[in-house]
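Everything on this sheet refers to the single structure shown next.
The values are calculated or read from the model by the stated rules, or taken from the named source; none is laboratory data. Source: prediction; values computed, not measured. Cβ placement follows ideal geometry from the backbone for every residue including glycine, while neighbour counts extend to all protein chains displayed.
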């Protein structure tokens, strides 16, 4: 169970959490936003690792799919909480590049779950002014999921209350490699001097 409460003063501008289904009823036990409004010390960006779904299901004698479904339901509650608290960006690590090593039936289920969840929640994202962004290598993602991601990103691109970033087939190492390759091409083409390379340039590749 993950307990969330309004943050104390000097709360960091960015926060990383490991996200698991609630062991009792798949719902987050949370404190509501104070009546005085959003705290100025809320982080702008919260990163969530969707972890422990299989262990949660296994400990209850359930199939892994039950854990993924529980995690999906809890995630929606968490996103809604972030909207109410005024958090601007939520990054969800939903499917890592290492997850392809899992049994094919499990991977196929996860791909179907991702697609069905996006389709089910597109109206919610539009109603709540949530912008969807998906990061990661899409080369192995099923065509139907890839097409709906494009549709959902386009449909919600002007929303501004919260930016929901979903990482699918994402690898931090691969992200760094791609950034280095992009900068190297610019240096080769004479568009950038090596001395000009800095953190800002890497972040924006």
Can you confirm whether the range 80-94 contains a residue that is over 20 Å from residue 160 (Cα atoms) and surrounded by 14 or more Cβ atoms within 10 Å (Cβ to Cβ)?
yes
Check the range 108-122 and report whether any residue there is surrounded by 13 or more Cβ atoms within 10 Å (Cβ to Cβ) and not in a helix (DSSP H, G or I).
no
Please verify whether the range 11-18 includes one or more residues that are surrounded by 13 or more Cβ atoms within 10 Å (Cβ to Cβ), at pLDDT 85 or above, within 20 Å of the chain's Cα centre (by Cα) and within 25 Å of residue 159 (Cβ to Cβ).
no
Listed by first then second residue, the pairs whose first member lies in the range 172-186 and is in contact (Cβ under 8 Å) with a residue 40 or more places away in the chain, whose partner is part of a helix (DSSP H, G or I) and surrounded by 11 or more Cβ atoms within 10 Å (Cβ to Cβ), with beta carbons under 8 Å and at least 6 positions apart or on separate chains, are 174/97
Does residue 61 satisfy being modelled with pLDDT of 85 or more, surrounded by fewer than 13 Cβ atoms within 10 Å (Cβ to Cβ) and either assigned by TED's automatic domain parsing to the domain that holds residue 114 or assigned to a helix (DSSP H, G or I) (or both)?
yes
Residue identified as free of Cβ contacts under 8 Å to residues at least 24 places away in the same chain and more than 18 Å from the chain's Cα centre (by Cα) among 103, 64
103
Out of curiosity, is residue 191 surrounded by fewer than 17 Cβ atoms within 10 Å (Cβ to Cβ) and not in a helix (DSSP H, G or I)?
yes
Report, by residue number, each residue of the range 145-188 that is under 17 Å from the mean Cα position of the chain (by Cα), at pLDDT 90 or above and not in a helix (DSSP H, G or I).
157, 159, 160, 161, 162, 163, 164, 165, 166, 167, 168, 169
When the range 123-144 is checked residue by residue, the ones that are in a helix (DSSP H, G or I) and touching a strand residue (DSSP E or B) at 6+ places or on another chain (Cβ under 8 Å) are 124, 125
